[in-house]
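Quick notes on the structure that follows.
What follows is calculated from the coordinates using simple rules that are stated; it is not laboratory data. Keep in mind it's a predicted model, so treat the numbers as computed, not measured. In this analysis, Cβ positions are derived from the backbone assuming ideal geometry, glycine residues included, and neighbour counts consider all displayed protein chains.
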């Protein structure tokens with residue numbers, strides 16, 4: 001179901017698994033890529049919602065959300081942080097997809113439709129944000145558990161990029177999915193969900209030990 005939250009006087013839409021979240025469940029927070037919306041994660045929230053609290057947002061200017069989009073990734077991060085504060089989720093795993101799109105001819109119907117409907121200026125802003133993003137000096141500062149899932153046939157961000165990313169994040173997991181390209185969560189949802197489920201379980205186990 002769709003839920004709207006007022007963030008800085010802008011209505012931000014999210015697909016949520018329930019009106020009220022279960023305090024005993026771990027939460028998964030999904031963030032889509034360029035020109036897309038929450039439907040990019042349809043194979044995840046449709047299959048995982050019974051086990052987890054699910055939030056799949058539409059970034060400002062995308063899908064059902066208000067606003068005009070951004071041309072800077074850090075600006076999008078501020079929106080996400082404010083929304084997380086409002087939702088007050090506990091034990092949350094953030095799942096994000098590349099702020100870039102693949103050739104539309106290779107996309108599944110739901111994602112192709114969402115990109116087609118996206119406003120040109122918003123899509124352009126997303127691509128500018130992606131092009132200007134450089135986290136080379138910041139990657140090694142990440143000190144939280146991380147799992148990188150990449151399609152073996154990804155042409156937008158080839159597996160070597162993911163290997164380099166994983167090598168620079170202490171303790172990061174790397175999962176390469178055979179037969180998948182850039183849209184691995186749509187192309188190979190079973191494998192993607194398996195890796196996500198295992199990663200979330202490992203985080204939950206650590207949190208429970210600390211408690």
Within region 149-170, backbone nitrogen closer than 17 Å to the virtual label 7 Å beyond the Cα of residue 142 toward Cβ: 149-151, 157-170
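Antiparallel as a % of all DSSP beta bridges within the chain, to the nearest 5?
Taking every DSSP beta bridge with both residues in the chain, the antiparallel ones total about 40 percent.
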Cβ-Cβ FRET estimate between residue 11 and residue 90, R0 fixed at 22 Å, reported to 0.05: 0.35
Cα gyration tensor category, rounded, prolate or oblate, for the chain with a/c compared to 1.5: rounded
Estimated inter-spin distance, residue 157 and residue 131, nm [label 7 Å along Cα→Cβ]: 1.8 nm
Most mobile of 16, 120, 128 in a GNM of the chain (Cα contacts under 10 Å): 120
Most mobile listed residue (79, 41, 15) in the chain, GNM with C-alpha springs under 10 Å: 79
Gaussian network model of the chain, Cα within-10 Å springs - most flexible of 43, 182, 24: 24
Spacing of the two label points (7 Å from each Cα toward its C-beta) at residue 68 and residue 46, in nm: 3.6 nm
